[in-house]
Amino acid sequence: MTAELAEPWGVAPEMSVETYPVPPPHGPAEQSAAGRRAAAAALAAAGSAERTVPRAPDGRPLFPPGFAGSISHTGRLAVAAVVPGAEAVGVDIESAVITPRAAAFLLRERERRSLLAPAGAYTARDLFAAKEAAYKAMNRRGTLGEFLFWQIALGRSDGELTATYGGESVPLWIRSEADLSFAVAIRR
């Protein structure tokens, strides 16, 4: 059983994205199980023979070798993205309303001025999801040390949204709907 979620435009054609609704009572156990079901479906769609995604000791999902992936969920929907051959993938979906006060904390002044409407095309929720997705993709190897997702800088380069931290960058793609923001970051 899957729910519909439109993928961001222009993401890698080899990416497989699958969703799964979070069943009642919509708690952490149901969210985790829905995420694992979405991951199994995304792995199948990507051509992986292995469909289980165990947890690392720190809680991160462990995708099979050669199939970089990521899982995210809200209280109602889980999503998983898999990109065969990528070094790392980060995905995030957000349904929360990001208040102006939270946006001022999470986003740098330059990000707020250039990326938020009216100057930019994004909402605070979109950029929150983008930073979360970038954090997941950039932190997979652990080579950047300990850092917090809001320390990632977002900007546009050659018309592409990018995330940068510690001298490393990843491209980002965002799809925004009325009540949901969906972001993907892929590290090659």
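Just one of (1) in a strand (DSSP E or B); (2) open to solvent by 50 Å² or more (accessible area, probe 1.4 Å) fails for SER72. It is (2).
Residue-by-condition table, conditions (1) of a type in the set (D, E, K, R); (2) touching a Pro at 6+ places or on another chain (Cβ under 7 Å); (3) surrounded by fewer than 20 Cβ atoms within 10 Å (Cβ to Cβ); (4) in a loop (DSSP other than H, G, I, E, B):
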| site | (1), (2), (3), (4) |
| --- | --- |
| ARG113 | yes, no, yes, no |
| PRO118 | no, no, yes, yes |
| ASP126 | yes, no, no, no |
| ARG140 | yes, no, yes, yes |
| VAL170 | no, no, no, no |
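If you go through region 3-31 and keep only what is over 15 Å from the mean Cα position of the chain (by Cα), modelled with pLDDT under 95 and surrounded by 15 or more Cβ atoms within 10 Å (Cβ to Cβ), you end up with just ALA3. Residues in region 135-188 that are in contact with a Lys or Arg (Cβ under 9 Å, 6 or more places away or on another chain) and of a type in the set (Asp, Glu): GLU168 alone. Exactly one residue among VAL91, VAL83 is in contact with an Asp or Glu (Cβ under 7 Å, 6 or more places away or on another chain), β-branched (Val, Ile, Thr), buried (at least 23 other Cβ atoms within 10 Å of the Cβ) and in a strand (DSSP E or B), and that residue is VAL83.
Residue selection: ILE152 satisfies the criterion of being under 30 Å from LEU62 (Cα atoms), open to solvent by less than 10 Å² (accessible area, probe 1.4 Å) and in contact with a strand residue (DSSP E or B) (Cβ under 8 Å, 6 or more places away or on another chain).
The values are calculated or read from the model by the stated rules, or taken from the named source; none is laboratory data. Since the model is a prediction, treat every value here as computed from it, not as a measurement. As a convention, Cβ positions derive from the backbone with ideal geometry for all residues, glycine included, and neighbour counts pool all protein chains shown. For accessibility, only protein heavy atoms count, side chains too; no ligands or nucleic acids. Shrake-Rupley method; radii C 1.70, N 1.55, O 1.52, S 1.80 Å.
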